[in-house]
Every structure is written in C-alpha cells, then in structure tokens.
Amino acid sequence: MLQDTIAAISTAVGEGGIALIRVSGPDAVKTVHQLFRTKADIRTAPSHTVHYGHIFDPRSGEKIEEVLVTIMIGPRSFTAEDVVEISTHGGVISVKKVLDLVLQQEGVRLAEPGEFTRRAFVNGRIDLAQAEAVMDLIRSKSDKAFSIALKQVDGKLSRLIRELRQTVIELLAHIEVNIDYPEHDVEEMTNLYIKEQCFPLIEEIQRLLKTASEGKILREGITTVIVGRPNVGKSSLLNALAQDNRAIVTDIPGTTRDVIEEFVTVGGIPLKLLDTAGLRETADVVERIGVERSRGALQEADLILLVLNQAEPLHEDERELMESLHGRQVVVIMNKTDLPGQLDPEEISRLVPSAALVKMSVLQEQGQEQLEKAISELFFSGQLETTDHTYVSNARHIALLKQAMQSLEDAVDATESGIPIDIIQIDVRTAWERLGEILGDSAGDSLIDQIFSQFCLGK
Ligand code: GDP
C-alpha cells in the first residue's frame with residue numbers, strides 16, 4: 001500500500017506569497033522530472049538541493065509556472081521516503097494547475113489527510129505520540145501550547161515512556177524466569193522485587209499525570225465567559241485582550257447555531273472565550289443584562305470573568321449573580337479604577353468568597369498583569385513554566401497512562417494477597433502494552449486511521 005507516490009498541496013489554500021506541493025514516494029523524483037525543465041537533471045541531483053526552473057505540460061508543451069523544486073532523498077526527509085517539494089507562486093489557480101499535472105503522471109495519487117505524517121510513522125521515523133504532536137503543533141493557540149507540542153515532536157515524552165517500558169519489560173523478564181524455574185527462586189522474594197520495581201514506576205506515572213490538567217489547559221485553552229451588566233466595560237476588555245494577542249476565531253459548523261470560539265491569551269495562558277458574539281454587538285437594543293444572555297455559557301465555562309464598574313454601587317442583578325457563583329472559578333474585575341470608587345471589595349468577597357479580585361482600568365490599559373496572575377493562580381500550581389517540563393496533554397495518552405498505572409497497582413495489590421505469580425504477570429504485561437500504545441507499538445489500524453484522519457490535507 002505504501003509503494004505508491006502521493007502528492008498534495010501543503011500550504012493553506014488562498015492567496016499568498018508562495019504555495020507548496022509535496023510529492024512523496026518511490027516515483028517522486030521521476031514524476032517531477034517529467035514536468036520540470038531546469039539546467040541540471042534532478043534525477044541525478046544530490047539530496048537536499050534546490051532547483052530553479054519551469055513546470056511544463058508534457059503533452060501540450062505549454063509553460064505552466066515558474067517554480068523552485070527541492071529534492072530530499074529518503075530516509076532524510078519528512079516521510080523517510082524520497083520527497084520533492086515544488087514551490088509555486090501563491091494563488092489558487094497556479095498551485096492547482098501544477099498539482100493536476102503531477103496527479104496525471106502514472107503511479108501518483110492525491111494524498112489523504114495526514115498521509116505524509118502517517119508515512120513518517122509507518123516508516124519508523126516518528127512514533128505515534130510524535131505524530132499526534134505534529135497536529136498539536138499546527139493547532140496550537142498559544143506560545144506555551146506550541147512549545148509543549150514542539151518538545152513532544154522532538155520525542156521528549158516518547159523517551160520518557162520508552163524508559164518506563166524498559167523497566168517494565170525487565171520486571172516481566174524477571175517474573176517469567178520465576179515462572180519457568182520456580183525451584184530456583186523463592187516466591188516471597190519475587191513478590192518483594194515486584195513491589196520494589198512497581199512503586200517508582202507508579203510514582204513516575206503519577207507525576208506525569210499531574211501535568212495533564214495543566215497541559216490540557218495550555219493545549220485547549222480555559223473555557224471562559226465574560227459577564228456583567230451593560231456598560232461596565234466587557235467589550236472593551238475583550239478588545240484589549242484580542243488586540244494584544246491577535247484573536248483567533250474558529251467556526252464549528254454542525255451545531256444548530258454555529259458556535260463561535262474565540263481565543264485570546266492573557267500572558268501565556270490561552271482563554272477560549274464563549275459567546276463573544278453578543279459582546280461584539282452594540283448593547284443598546286434593550287437593557288439586556290449579560291447574565292441572561294450568557295446563562296448557557298455560564299454553565300459551561302471553567303472560568304468566569306465578572307466585570308463590574310467600580311465607579312457605581314453594586315446593582316441588585318450583580319448581587320444575585322455573584323451569589324449564584326459559589327464554588328466556581330471566578331475573577332471579579334473591578335473596572336474603571338480611573339474614576340472615583342464606589343464599590344466595597346469586602347462586600348464582593350462576602351458575596352463570592354471563592355473569587356479573586358482584580359482592579360483594572362481597561363481604558364488606561366492598567367491591571368492586565370494582575371488579571372494574568374489571578375488566572376494563573378486559579379489554574380496552575382506553582383510557577384507556570386514549560387522550559388524543562390514534560391507535559392502530557394493528549395486525552396488518549398492520559399487515558400493510557402491511567403490504565404498502565406492501574407495495572408501496576410493491581411500487580412502490587414496482588415503480591416500482597418498471595419495471588420499466583422502468573423496472574424500478576426498478566427497485570428505487568430498489560431501495563432507494558434498500554435504504554436506501548438502511546439507510542440503506537442500495539443495500536444490497531446482503526447485507531448491509526450482515526451488519528452491521522454484528523455490531520456489537514458497535505459500534512
Ligand atoms: P459593555 O457594555 O460591558 O461591553 O461595555 P463597553 O466595553 O462597551 O464600555 C462601556 C463604556 O465604558 C465605553 O464608553 C467605554 O469606553 C467605557 N470604559 C470601558 N472601560 C473603561 C475604564 O476602564 N474606564 C473608563 N473611564 N471608562 C471605561
């Protein structure tokens with residue numbers, strides 16, 4: 001199946017400086033050679049060289065495009081196969097014409113989404129966790145999420161998992177010797193040995209799992225809603241956050257009403273803002289209190305940014321709203337500190353004891369650092385740093401780590417309740433298999449299909 005040559009446009013569709021077509025497989029060089037006129041013969045060109053020339057239609061002889069062609073001979077390429085990349089002028093027509101010509105050549109077909117990365121995986125250049133990280137890299141919405149993904153592409157998490165597996169396999173070997181030659185060993189000693197080996201493994205997995213919730217937040221963003229009465233400064237706050245960080249808006253079709261998700265970052269922390277459409281509208285239609293409008297979003301949010309105008313006394317609506325927020329993760333923003341204050345912070349703390357209080361003047365661009373600090377303290381233990389930290393952020397990896405840990409705990413329990421060693425061996429083997437699934441060692445075809453189908457075309 002992997003013997004054929006695949007091609008796809010690897011840059012985003014639309015107008016741009018350049019566009020790139022990637023061709024990978026045994027016939028990659030031959031295919032492009034048939035369409036490409038240049039000084040040197042690319043079939044004998046050294047790997048990792050770039051060639052200037054033109055793409056021609058081999059049938060009509062018509063000149064189609066002026067291009068740069070890059071040759072990368074396997075295994076030193078993204079897919080570990082021969083790869084040729086054609087850079088054309090940006091623009092939908094030009095790149096499409098060249099792709100069509102490439103696809104007309106014998107033995108070449110359009111790549112499926114994620115197929116280039118899949119080949120890198122199948123050819124053993126990267127493991128499954130690394131392939132998944134490639135996707136995270138593309139989708140990352142904040143600097144920190146990006147740097148976590150980059151480390152994972154680099155194989156940092158994979159190396160850790162491999163080390164864990166190595167310890168588990170040594171333990172398995174030890175147990176197997178004991179099963180095969182029971183007379184050579186005392187069962188009690190083996191039980192002790194199993195425990196000694198399992199405890200540090202369990203501890204290490206626990207440590208990794210602790211990073212999971214933070215990793216997930218950095219990857220997916222904190223689901224956040226901005227609420228408050230009209231004119232307190234909600235849209236101004238949204239605009240200030242969006243301006244500093246270039247908001248990313250994504251449409252998710254398929255729901256009755258398209259949900260708009262907007263990402264902003266406060267410091268390095270990505271926030272996934274819910275229901276910002278209402279905030280963008282001018283609020284003068286009716287005296288709509290944000291509470292009504294955002295009721296649904298309020299339930300869904302992990303973080304509530306409640307904006308108050310501290311130059312006015314508390315409104316009854318605001319008191320009611322605050323009382324309904326008990327136990328939630330709330331930051332109360334006392335906005336407009338450039339005006340004389342009328343709010344009593346103590347009353348706010350009485351109404352929502354769990355809330356963090358931040359004084360801001362959005363108008364005068366004051367208080368953003370305090371806001372960042374408040375959010376960081378609510379969601380992260382200790383210092384938020386990614387420099388030397390391995391985060392687990394992928395839900396699949398988290399689930400498998402939990403299962404592996406459970407099996408090791410079962411093994412330890414079993415040694416204490418006198419369960420026969422060949423049963424304990426099954427638990428240890430399960431832990432080994434689960435860890436392997438993270439790397440894709442024992443992953444089934446359907447799982448692999450599912451993972452790569454989430455990729456974009458051309459990656
Ligand atoms: P929303 O209805 O809650 O979205 O409020 P807006 O963001 O539309 O702001 C309402 C008014 O308050 C606008 O005229 C803003 O310029 C003003 N405003 C926002 N933040 C501040 C602030 O920090 N200080 C002062 N003095 N005015 C502000």
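The values are calculated or read from the model by the stated rules, or taken from the named source; none is laboratory data. Predicted model only: the values in this text are computed from it and were never measured. With ideal geometry, Cβ positions are generated from the backbone for all residues, glycine too; neighbour counts draw on all protein chains shown. Quick note on the areas: whole protein, heavy atoms, side chains included, nothing else; ligands and nucleic acids left out. Shrake-Rupley method; radii C 1.70, N 1.55, O 1.52, S 1.80 Å.
Residues of the stretch 14-72 being open to solvent by 50 Å² or more (accessible area, probe 1.4 Å) and of a type in the set (Lys, Arg), which ones?
Hits for the stretch 14-72 are Lys30, Arg37, Lys39, Arg43, Arg59, Lys63.
Working only within the stretch 349-374, note down all residues that are away from the ligand (no atom under 16 Å from the Cβ), within 30 Å of the chain's Cα centre (by Cα) and in a helix (DSSP H, G or I).
Once the filter is applied, which keeps residues that are away from the ligand (no atom under 16 Å from the Cβ), within 30 Å of the chain's Cα centre (by Cα) and in a helix (DSSP H, G or I), the stretch 349-374 yields Glu372, Lys373, Ala374.
I'd like to verify a number: residues in the stretch 113-126 that are open to solvent by 10 Å² or more (accessible area, probe 1.4 Å) and either at pLDDT 95 or above or of a type outside the set (D, E, K, R) (or both), how many?
6
Checking Ile222 against (1) open to solvent by less than 80 Å² (accessible area, probe 1.4 Å); (2) without any contact (Cβ under 8 Å) to a residue 40 or more places away in the chain, only one condition comes out false. Which one?
(2)
Could you please let me know if Leu171 is in contact (Cβ under 8 Å) with a residue 60 or more places away in the chain and in a helix (DSSP H, G or I)?
Considered against the rule, which asks whether it is in contact (Cβ under 8 Å) with a residue 60 or more places away in the chain and in a helix (DSSP H, G or I), Leu171 comes out as yes.
Enumerate the pairs (first residue in the stretch 355-370 and under 12 Å from Leu305 (Cβ atoms); second residue anywhere and part of a helix (DSSP H, G or I) and near the ligand (Cβ under 8 Å from one of its atoms)) with beta-carbon separation below 7 Å, excluding pairs fewer than 6 apart on the same chain, so at least 6 apart or on different chains.
Val362/Ser236; Val362/Leu237
Using the structure shown, decide if Lys151 is of a type in the set (D, E, K, R), outside any helix (DSSP H, G or I) and within 33 Å of the chain's Cα centre (by Cα).
When the stated conditions are applied, Lys151 does not pass them.
Hand me the list of strands (runs of 3 or more DSSP E) wholly inside the stretch 1-120 holding 1 or more residues that are in contact (Cβ under 8 Å) with a residue 12 or more places away in the chain and either under 33 Å from the mean Cα position of the chain (by Cα) or closer than 27 Å to Val134 by Cβ (or both).
So the answer is 5-9, 18-24, 49-56, 63-72, 83-89, 108-110.
Going through the stretch 213-240 one residue at a time, which ones are within 9 Å of the ligand (Cβ to nearest atom) and not in a helix (DSSP H, G or I)?
Ile226, Gly228, Arg229, Pro230, Asn231, Val232, Gly233, listed by residue number.
Just wondering, is there one or more residues in the stretch 4-11 that are more than 25 Å from Ile138 (Cα to Cα) and modelled with pLDDT under 95?
Yes, the conditions are met somewhere in the stretch 4-11.
Inside the stretch 328-348, can you point out the residues that are in contact with a strand residue (DSSP E or B) (Cβ under 7 Å, 6 or more places away or on another chain) and either farther than 14 Å from Val307 by Cβ or within 16 Å of the ligand (Cβ to nearest atom) (or both)?
Arg328, Gln329, Val331, Val332, Ile333, Met334, Asn335, Lys336, Thr337, Asp338, Leu343, Pro345
Exactly one condition in (1) within 16 Å of the ligand (Cβ to nearest atom); (2) surrounded by fewer than 16 Cβ atoms within 10 Å (Cβ to Cβ); (3) at pLDDT 85 or above is false for Gln243; which is it?
So the condition that Gln243 fails would be (3).
State whether one or more residues within the stretch 332-347 are of a type in the set (Lys, Arg), assigned by TED's automatic domain parsing to the domain that holds Gly268 and in a helix (DSSP H, G or I).
No; the residues of the stretch 332-347 include none that is of a type in the set (Lys, Arg), assigned by TED's automatic domain parsing to the domain that holds Gly268 and in a helix (DSSP H, G or I).
So which residues in the stretch 312-327 are crowded, with 19+ Cβ neighbours inside 10 Å and within 16 Å of the ligand (Cβ to nearest atom)?
Result: Glu318, Leu321.
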